[in-house]
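The values are calculated or read from the model by the stated rules, or taken from the named source; none is laboratory data. Just so it is clear, the structure is predicted and the values come from calculations on it, not from any experiment. Ideal geometry is used to build each Cβ from the backbone, glycine not excepted, and the neighbour counts take in all protein chains shown. Note: accessible area is taken over every heavy atom of the protein model, side chains too, but ligands, DNA and RNA are not part of it. Shrake-Rupley method; radii C 1.70, N 1.55, O 1.52, S 1.80 Å.
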Amino acid sequence: RGSTVLPHGTGKLNKVCVFTSAASPGKNDDDSTAMVEQLTQMGASFVGAEPLIDDIKNGNVSLSEFDRTIASQDMVPKLGQIARILGPRGLMPNVKLGTVVPDTSNLPAAVKRQLSGVLNYRVDKTGNVHVVVGKWSFGSEKLLENIAAFMNVMQDNKPEGNKGKYMKQVYITALQGKGIKIDLKTVDPGSAFFMVDGDNEDKLSA
């Protein structure tokens, strides 16, 4: 499980919800106010603390209104109240995804990263990884660069104890389209044919 930023993004605009003690009731100091204003101006859909948690718990803020969450470390224990609401949707802030930051001062960088189209990925129970690598409108060059970047991330995160064949099959598909099986050696970073098209493959084999 992890996250990465593709060279050309995913084409999806993330809606970010930020949990920060800077927005806690009674925090009226200039630094806290400036932080909340900065995160809002950057494009965060929600910036809040305990009242925001209550609004989510009571249904006043719908989960459809955001698709990423970020929290400063001091807010994590308080999110336990809505863990059963956020968890099933994959919306709980997570250190591995870079969505839990040590301090409030780290929030702007985390928000910027999420708004830039960061891609979260995880291996499911059957050993599959499903990710969006872009849109048709990107064109073939940008899509290939995104695919190459993601496959490199997968290779770099290969578990140390895995000595067998790490990647076994790769398919690509449009939304609701039929999956097309890709020749594994052309998308395996460890292969001499990595990202080589069919015309050049014969030359490398010669």
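Side notes on the structure shown:
- Anisotropy class assigned to the range 96-206 is prolate, per the alpha carbon gyration tensor with a/c at or over the 1.5 cut-off and a/b larger than b/c.
- Carbon plus sulfur fraction of accessible area for the chain, probe 1.4 Å, in percent: 51 percent
- Using the Karplus relation 6.51 cos²θ - 1.76 cosθ + 1.60 with θ = phi - 60°, the per-residue 3J(HN,Hα) values for the range 181-194 come to 6, 9, 4, 4, 5, 7, 10, 9, x, x, 9, 5, 9, 4 Hz, with x marking Gly and Pro.
- At R0 = 45 Å, FRET efficiency that the Cβ-Cβ distance of D183 and M42 yields, to 0.05: 0.60
- Across the chain, the fraction of Cα-Cα pairs farther apart than 21 Å, rounded to a whole number, is 60%.
- Mean separation of Cα contacts under 8 Å (6+ apart) over length of the chain, as relative contact order %: 24 percent
- Kyte-Doolittle at least 0.0, axis length at least 15 Å by Cα - qualifying DSSP helices, the chain: 140-156
- Summarising the amide proton neighbourhood of T69: residues at separation of 5 or more, or on other chains, whose placed amide H is nearer than 5 Å comprise C17.
- Across K112/K163; K57/K125; K78/K158; K78/K125; K96/K165, pairs whose alpha-carbon gap is larger than 31 Å: K112/K163; K78/K158
- Cα shape, the range 72-150, gyration tensor, a/c 1.5 rule: oblate
- The chain - accessible surface per residue (Å², probe 1.4 Å): 61 Å²
- The range 14-120 - Rg and Dmax from Cα coordinates, angstrom: 12.5, 37
- Relative intensity, log₁₀ I(q)/I(0), of the range 22-76 from a Debye sum that treats every alpha carbon as a point, q = 0.12, 0.14, 0.22 Å⁻¹: -0.28, -0.39, -0.95
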